[in-house]
Amino acid sequence: MRKKQLEILLSNLKEMDNPNMFEEQYTTPGDIAAEIVLFAYYRGDILGKKVVDLGAGTGRLGIASMILGCKKVYFVEKDKRAIEILKDNLKTITLKSNQILGNYEVRKGDVLNVLLRGDTIIQNPPFGTKKRSMDTKFLKKAFEIGDVVYSLHKKGNCDFIRDVAMESGFELVEKKSINFPIKAMFDIHKKKKVMIEVELYRFMRCYDERKSRD
Ligand code: SAH
């Protein structure tokens, strides 16, 4: 599938009409969702893999993974309204897409309590501006349940994030800068957008030499 086609498919999916700013519900724009998941795809982390979309919202990251041939997606989200839209989007994409999509499961609940395992974790977590260190909590959970992690963060915390990863036995192996449009807090009703600089990080579980010696 061409990047442009994927962008269009994703951009046409429904997004939250009344995002909860306290939960930092920023839907990833279609072009950025396509960029993130293709980035993972070209690194061999999507095709045939079990993908977990943490804080799935209306599902664009997980849906893009399905379109690009992953084996299964777990969508984890706690907001009931987001899940309704996500389910609707899954129906739409199944109808629109002329390929057979992989298996999926929608888990309603708190990311921090989730018990499952995946190969690749993809997340656009709350940036932690409303609920302090929520981004770090999401990251630690991702490190617990996956082997490769893609995570979007506000620019400027790279050193701190690298340390969090190290403590969990992960290495920050790559990063990519992205301009991310969000609806300005005080202009929600006018739908005014501001651009913020974010970074997509790719982390890999460190190879454990002791294990390979045993
Ligand atoms: N992944 C989506 C949504 C990103 S916004 C996209 O890229 O478009 C972050 C999402 O995380 C929101 O939908 C919010 O409801 C959800 N969220 C925030 N804290 C959560 C938690 N503790 N458990 C589950 N979902 C959470």
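Quick notes on this one:
- Residue within the stretch 87-104 that is of a type in the set (G, A, S), part of a loop (DSSP other than H, G, I, E, B) and touching a Lys or Arg at 6+ places or on another chain (Cβ under 7 Å) present: yes
- Here the condition is being modelled with pLDDT under 95, surrounded by 19 or more Cβ atoms within 10 Å (Cβ to Cβ) and not in a helix (DSSP H, G or I); of F203, F180, it holds for F180 alone.
- Unique match (being in contact (Cβ under 8 Å) with a residue 12 or more places away in the chain and in contact with a strand residue (DSSP E or B) (Cβ under 8 Å, 6 or more places away or on another chain)) among L68, L61: L61
- Residue ID - farthest from K3 (Cα to Cα), chosen from residues in the stretch 13-36 that are more than 8 Å from the ligand (Cβ to nearest atom) and surrounded by fewer than 17 Cβ atoms within 10 Å (Cβ to Cβ): F22
- Test: residue in the stretch 49-57 that is surrounded by fewer than 22 Cβ atoms within 10 Å (Cβ to Cβ), more than 10 Å from the ligand (Cβ to nearest atom) and part of a helix (DSSP H, G or I): no
- When the stretch 58-107 is filtered for residues that are surrounded by fewer than 24 Cβ atoms within 10 Å (Cβ to Cβ) and among the polar types (S, T, N, Q), the ones remaining, listed by number, are N89, T92, T94, S97, N98, Q99, N103.
- All positions within the stretch 115-136 that are buried (at least 17 other Cβ atoms within 10 Å of the Cβ) and of a type in the set (A, V, I, L, M, F, W, C): I121, I122, F127, M134
- Given (1) of a type outside the set (D, E); (2) in a helix (DSSP H, G or I); (3) closer than 22 Å to Y201 by Cβ, number of the condition P125 does not satisfy: (2)
- Verdict on L139 being within 13 Å of the chain's Cα centre (by Cα), surrounded by 19 or more Cβ atoms within 10 Å (Cβ to Cβ), at pLDDT 95 or above and part of a helix (DSSP H, G or I): yes
- One residue stands out among those in the stretch 37-48 that are in contact with a Ser or Thr (Cβ under 7 Å, 6 or more places away or on another chain) and part of a helix (DSSP H, G or I): the one that is nearest to the ligand (Cβ to nearest atom), which is V37.
- The stretch 129-171, residues that are over 15 Å from D45 (Cβ atoms) and among the small types (G, A, S): S133, G156, A165, S168, G169
The values are calculated or read from the model by the stated rules, or taken from the named source; none is laboratory data. On a predicted model such as this, the values are computed, not experimentally measured, just so you know. Using ideal geometry, Cβ is built from the backbone for each residue, glycine included, and neighbour counts are taken over all protein chains shown.
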